[in-house]
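Here's the structure we're looking at; comments come further down.
The values are calculated or read from the model by the stated rules, or taken from the named source; none is laboratory data. Since the model is a prediction, treat every value here as computed from it, not as a measurement. Cβ sites come from the backbone with ideal geometry, for glycine too, and all protein chains shown count toward neighbours.
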Amino acid sequence: MNRATRSALLFLALSAAFVQAQQPPATHNEVVIKDAVVMTVTHGIVQNGSVYIKDGKIAAVGKNVNAPSSATVIDAGGKYLTPGIIDSHSHIALDDDVNEATSPITPQMMMIDAFDYQDKAIYRGLAGGVTTSLLLHGSANMIGGQAVVIKHKYGLNRDALLFPGAPRSIKFASGENPKRVYGSKDQLPSTRMGNFAVQREAFVQAQDYMREWDEYNAKVKKGDKDASAPKRDLKMEALADVLRGNLLVQIHCYRADELLTEIAIAKEFGYKVRAFHHALEAYKVADQLAANNVGIATFSDWWGYKQEAWDAIPWNAVMSMRKGVRVAIKSDSGDFARRLNQEAAKSIRYGGATDEEALKMITLNPAWIIGVDDKVGSIDVGKDADLVIWDGYPLSSYGVPNKVFIDGDVYFDRSLPGFGMTHYSEGQ
């Protein structure tokens, strides 16, 4: 079967599911998943375990759980149950609008304005067990736009997919990409020196902007009726929010020297780096990343696809983790997102990560990078019931999602027709 035929069949199946208009999401019922190998991530594995879900949250976990007799019971039949997979670096559902390559500094760009909630890549990720993704601006800019965090509730309207209460993140990028994009236009920056000069200049301007507003607000507080407000500037306000710590800073960066430079600039201007993305040379400076509480979202074994990736090694994730770095394995690909479980499993092969450590790289650690680890990323009481029942051991090529729950509702069920879709919202 060729690619065109497969695509046509997928389109027809999804269209059929829409036409069937299967039940829209009901209010959260009480559910018990029983007889599962529960891989909690935070407190080991519970054999023959159960999870009680109430109002979309995990209410109890253990060998036995107290639940009312009216609760719906799902028998996992001895299958594995894990938290939903979390992709901490994705560009799905952003179409061709992922880069605003007209200026190296564009923090006022909002990725939600480019978010296509009907993109089938959301569904494909869901079918691979992904329940949450961080959708980032591209890497053409030294300081790019603000990200959007989604739950993969494919089939619902746009707002239903947005992760409630997720912190704001912003995407920076250093290295080859910005200097190539703007160097080809004969404008600054065209070198690594230029990259960081542009970044520093932007933050100096933001400091001046903040100072002007602080002075104005002080005059107003003193009752100065003649005080004149500075002109509002969305670009400067976004940069000011970085300096105030109101945005999590996610940085596309490969080389060890540039990882350290970005940390130094953050200290210079008083903000924190949340995580480096790609970070293929993190193993060279892992102790310094750990000392500064900076995570990494990296590939398992991508190598040599450009100069910055030449020193990549498949032991990077585990070597960095052993130095105390929070390590996530991410997709940066609508295709890889479907099998992040297998990508994380490579850390077991390369470096000897334990099952729990490997699983943490696609659950709790990316949740921390996104800033939602208090809500998702492990099977703990009080967290969102974002869960996956697997056919086969999840950290292998035999692991295939059977059912995927988000906020306690089943959004993917492989046994159903229409490619497992369970939700559809009319009037999209």
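Remarks
- Unmet criterion (only one of (1) under 21 Å from A140 (Cβ atoms); (2) polar (S, T, N, Q); (3) in a helix (DSSP H, G or I)) for Q288: (1)
- Here T191 meets each of (1) exposed (fewer than 14 other Cβ atoms within 10 Å of the Cβ); (2) more than 20 Å from L260 (Cβ to Cβ); (3) at pLDDT 95 or above with one exception, condition (2).
- Residue list for region 238-259, filter: under 17 Å from the mean Cα position of the chain (by Cα) and either over 14 Å from V273 (Cα atoms) or assigned to a strand (DSSP E or B) (or both): L248, V249, Q250, I251, H252, C253
- Annotation note: Cβ proximity below 6 Å between a residue of region 241-252 that is at negative phi and assigned by TED's automatic domain parsing to the domain that holds F203 and a residue that is part of a loop (DSSP other than H, G, I, E, B) and of a type in the set (A, V, I, L, M, F, W, C) (sequence gap 6+ or interchain) occurs for D241/L247.
- Only residues that are under 17 Å from the mean Cα position of the chain (by Cα) and in a strand (DSSP E or B) were counted in region 101-156, giving 14.
- Considering the conditions (1) part of a loop (DSSP other than H, G, I, E, B); (2) of a type in the set (G, A, S); (3) farther than 30 Å from D186 by Cα, G49 is excluded by exactly one of them, (1).
- Qualifying position, being crowded, with 16+ Cβ neighbours inside 10 Å, over 30 Å from R192 (Cβ atoms), touching a residue at least 24 places away in the same chain (Cβ under 8 Å) and within 26 Å of the chain's Cα centre (by Cα), among K57, K34: K57
- Check on A317, modelled with pLDDT of 95 or more and either over 22 Å from A344 (Cα atoms) or touching a helix residue (DSSP H, G or I) at 6+ places or on another chain (Cβ under 8 Å) (or both): yes
- Some residue of region 346-361 being surrounded by 18 or more Cβ atoms within 10 Å (Cβ to Cβ), on the phi > 0 side of the Ramachandran plot and touching a residue at least 60 places away in the same chain (Cβ under 8 Å): no
- Subset of region 326-342 that is touching an Asp or Glu at 6+ places or on another chain (Cβ under 8 Å) and at pLDDT 95 or above - its residue that is nearest to W315 (Cα to Cα): I329
- As a summary of the residue check, R274 satisfies the conditions (1) under 24 Å from K179 (Cα atoms); (2) in contact with a helix residue (DSSP H, G or I) (Cβ under 7 Å, 6 or more places away or on another chain); (3) surrounded by 18 or more Cβ atoms within 10 Å (Cβ to Cβ); (4) free of Cβ contacts under 8 Å to residues at least 40 places away in the same chain except for the one numbered (4).
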